[in-house]
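Quick note: the coordinates plus some simple rules give every number you see, no bench work behind them. Quick caveat: nothing in here was measured; it's all calculated off a predicted structure. Counting neighbours? That spans all protein chains shown, and the Cβs are built from the backbone with ideal geometry, glycine included.
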Amino acid sequence: MTVFQTEIHIVTFIFIVLESLLFSHQLIFYLQKPAEKHRKYYLILLFLLIIYNIAGGLFPDESLPLSIRLQYILAYGTGFSMGAYFPYYFYQAFNLTPIAFHAKYGVLLFLIAPFVIFFCILYPMGVELRTVIYVGLTVPLLYAFYLMYKIFWAIRIRYKNRTTSVDAVLSYLAVCPWTLMPPMAYLEVEQLTEVLLTNGGFIIVTVLFIRKMIGESRKEFEILDLIQTKNNEEIFYIQCTKIGLTKREVEVCELVRNGRTYKEIGEALFISERTVNRHIQNIFKKANTKNKVELLNTISGK
């Protein structure tokens, strides 16, 4: 069953509407607190999924004022974009450092590059679509299974002390449907099956996202409660712990708070001024600040 005289299945349309509402809702929260990077990564993933659902359900349609070749390029392009961004999302949102190379470069080499070569260059030049699909998706297909293994391995390391935790199990389940995207494109499965699998994976991702946001909110409230009963010195150490500073970074941060110059900090800690600057840059990054004024406001609980 399709809607509005298009090729979009009714189930696809329902997902598009619900996910568009969810996107609007989360966008409001992100605009209120743009420092929440996890929410930003989630919004990008959600936006790509909505576009993927629209393009995958709408194209190809001969009644549209676009060439069939362009429609196929757009449809497969949204799928490749989703597949390429998903590892990066897991890398950033769940701190899966073992897949850093794949999240930043591997997907470009083994997913985006084949798409550009076969779908954006050879297909417009006249190569048949079936040939483009079977040959152009071979490398992405093999890479998808290898990447699934790497992500599973990274998740296991991330939750090595609690491999049976809810987060670990949900992470495993969330990865599987996205790994099936290249095989589904290769086998040209029907729209309904593809939509149920990919959006099912996203539902699990959403559960993980909500769990993480709830956990972070609880920590913020706990810290606020502590701050109300602590003096300035205690607040300083609470904030340093919150943003994840190392012992040395706390020492540097404390001297910055006391108005010391980089040279004076280096002399006090017996390190070079260059090393002090490196510590300061790491502190800025962890505290999500750009200068000393913002840093001092953050560590003072303002």
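Observations on the model:
- Protection proxy ranking, peptides 198-204, 121-127, average beta carbon neighbours within 10 Å, highest first: 198-204, 121-127
- Here the calculated FRET efficiency for L109 and L22, from their Cβ-Cβ distance with R0 = 35 Å, stands at 0.60, rounded to the nearest 0.05.
- Protection proxy ranking, peptides 75-83, 35-43, average beta carbon neighbours within 10 Å, highest first: 75-83, 35-43
- Calculated FRET efficiency for the pair W153/R278, C-beta based, R₀ 35 Å, to 0.05: 0.70
- Relative contact order (%) - criterion: Cα under 8 Å, at least six apart; region: region 256-302: 26
- 3J(HN,Hα) along region 130-138, derived from phi through the Karplus expression 6.51 cos²θ - 1.76 cosθ + 1.60 where θ = phi - 60°, amounts to 4, 5, 4, 5, 5, 8, x, 9, 5 Hz, with x in place of Gly and Pro.
- Angle in degrees between helix 273-287 and the longest Cα principal axis of the chain, rounded to the nearest 10: 60
- Taking the chain and dividing mean pair separation by its residue count, relative contact order in percent (alpha carbons under 8 Å, at least six apart): 13
- With a cut-off of 15 Å between beta carbons, the residues surrounding V252 carry a summed charge of +4, where Lys and Arg count +1 and Asp and Glu -1.
- With θ taken as phi - 60° and the Karplus curve 6.51 cos²θ - 1.76 cosθ + 1.60 applied, the whole-hertz 3J(HN,Hα) list for region 38-48 is 4, 5, 4, 4, 5, 5, 5, 4, 5, 4, 4 Hz, x standing for glycine and proline.
- Ignoring lysines fewer than eight residues from K212 along the same chain, the ones with Cα atoms less than 22 angstrom from its Cα are K33, K37, K40, K160, K242, K285, K286.
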